[in-house]
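Have a look at the structure below, then the notes.
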Ligand code: GH3
Ligand code: MG
Ligand code: MG
Ligand code: MG
């Protein structure tokens, strides 16, 4: 019926969305240890959702942290256990914090319902539970959860976009600028080493002139990929300019940084790059300037400046080399 609804109304139509939503199939954890009540709740929810029933609150907590449930429905009067405590745990644990939690309570138990709502339980139902109300309230929570998940995903995606270079997928200069200051201060404070590599492809203009700008883009992307495979997860690899990459190596001593630079230079030179729609391969070399944090450095700019000077020396000395 979901497919039919979107066919009838068209994508993006609010009516179509509302109709499709009635088919929202959620994965629900029901924590209830009274068989009769569990059966009744399961009968009401089972038509719309995938249900897991667990009577033991300790096991339920493990299930909730391990499984990807869209919602938990918790009975407040479990045998010998305060269901409210389970709700509180579900609301506070990292793994379950974003999952909606609903309480099922006795009418004489309004005080505990209020406490639950105060520490962030999303909603509740009073016994005897009305089927339609149950289904409607569950649907509201599931819809709310899906919406905030979508929103969170969109925010993350746009944040990612803002700090990523579109062509190479490396960090962009904005990211480097905004993270390097803090990284550098931290290293200065703890007197830890930091190294910087500045890479610039040799005679890249000639590559563009020979193979075309599009092929140049392709080489640049493959170059960036290859450089990245020779760095560690904690390193910052950023596209600094056109065909220039800066790599920041936290905790790297002088010798280690020089070694990494030399290895990258060798790996670029060793294997020519293939390009689409061209049988020729492109031989690429890179020049690299290396520098380290010095106690006298006031900011990362001082360190980067020396890497730039070293890079200039590598170019003057004939290219395809590492200078420090
Ligand atoms: P060298 O560094 O060895 O001195 O020579 P070079 O030819 O590489 O000179 P330079 O680094 O000064 O210039 C880089 C050239 O790279 C200039 C520009 O046309 C080209 N370039 C910069 N960004 C891009 C890009 O995103 N795509 C392509 N295809 N070319 C780019
Ligand atoms: Mg240059
Ligand atoms: Mg160049
Ligand atoms: Mg350049």
(Q) Could you tell me how many of the residues in the stretch 124-144 are buried (at least 18 other Cβ atoms within 10 Å of the Cβ) and either assigned to a strand (DSSP E or B) or free of Cβ contacts under 8 Å to residues at least 24 places away in the same chain (or both)? (A) 2
Q: Might you check whether a residue that is within 16 Å of ligand 1 (Cβ to nearest atom), touching a strand residue (DSSP E or B) at 6+ places or on another chain (Cβ under 7 Å), farther than 27 Å from residue 190 by Cβ and in a strand (DSSP E or B) occurs anywhere in the stretch 283-305?
A: yes
Q: Among the residues of the stretch 193-228, write down those that are surrounded by fewer than 14 Cβ atoms within 10 Å (Cβ to Cβ), over 27 Å from the mean Cα position of the chain (by Cα) and more than 11 Å from ligand 3 (Cβ to nearest atom).
A: 209, 210, 213, 214
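Okay, residues lined up against (1) away from ligand 4 (no atom under 16 Å from the Cβ); (2) touching a helix residue (DSSP H, G or I) at 6+ places or on another chain (Cβ under 9 Å):
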site	(1), (2)
137	yes, no
149	yes, no
178	yes, yes
184	yes, yes
206	no, no
212	yes, no
215	yes, yes
224	no, no
Q.
Can you pull out every residue in the stretch 168-192 that is exposed (fewer than 14 other Cβ atoms within 10 Å of the Cβ) and within 16 Å of ligand 1 (Cβ to nearest atom)?
A. 169
Q) How many residues, within the stretch 252-277, are in contact with a helix residue (DSSP H, G or I) (Cβ under 8 Å, 6 or more places away or on another chain) and surrounded by 14 or more Cβ atoms within 10 Å (Cβ to Cβ)? A) 6
(Q) If the requirement is being without any contact (Cβ under 8 Å) to a residue 12 or more places away in the chain and closer than 15 Å to residue 291 by Cα, which of these qualifies: 233, 212, 259? (A) 259
Q. Mind checking which residues of the stretch 306-322 are in contact with a strand residue (DSSP E or B) (Cβ under 6 Å, 6 or more places away or on another chain) and within 14 Å of ligand 4 (Cβ to nearest atom)?
A. 307, 308, 311, 314, 315, 319
Q) Out of all the residues in the stretch 215-230, which are free of Cβ contacts under 8 Å to residues at least 60 places away in the same chain and in contact with a strand residue (DSSP E or B) (Cβ under 7 Å, 6 or more places away or on another chain)? A) 222, 224, 227, 228
Q: Taking the options 233, 289, 242, name whichever one is within 31 Å of the chain's Cα centre (by Cα) and within 16 Å of ligand 4 (Cβ to nearest atom).
A: 242
Q: Return the total of residues in the stretch 308-324 being touching a residue at least 60 places away in the same chain (Cβ under 8 Å) and either more than 15 Å from ligand 1 (Cβ to nearest atom) or part of a loop (DSSP other than H, G, I, E, B) (or both).
A: 3
(Q) I'd like to check which strands (runs of 3 or more DSSP E) are fully inside the stretch 187-281 and have at least 2 residues that are within 16 Å of ligand 2 (Cβ to nearest atom). (A) 194-201, 244-250
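Condition check ((1) at pLDDT 95 or above; (2) under 23 Å from residue 36 (Cα atoms); (3) surrounded by fewer than 21 Cβ atoms within 10 Å (Cβ to Cβ); (4) out of contact with any helix residue (DSSP H, G or I) (no Cβ under 7 Å at 6 or more places or on another chain)) across all residues:
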site: 109; (1), (2), (3), (4): no, yes, yes, yes
site: 114; (1), (2), (3), (4): yes, no, yes, yes
site: 121; (1), (2), (3), (4): yes, no, no, no
site: 146; (1), (2), (3), (4): no, no, yes, yes
Q.
Quick check on my filter: what residues within the stretch 78-90 are more than 21 Å from residue 136 (Cβ to Cβ) and buried (at least 19 other Cβ atoms within 10 Å of the Cβ)?
A. 78, 83, 84, 86, 90
Q: Filter the stretch 229-251 down to residues that are surrounded by fewer than 14 Cβ atoms within 10 Å (Cβ to Cβ) and within 16 Å of ligand 3 (Cβ to nearest atom) and give me whichever is farthest from residue 216 (Cα to Cα).
A: 241
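The values are calculated or read from the model by the stated rules, or taken from the named source; none is laboratory data. Quick caveat: nothing in here was measured; it's all calculated off a predicted structure. Cβ: placed from backbone, ideal geometry, glycine included. Neighbour counts: every protein chain shown.
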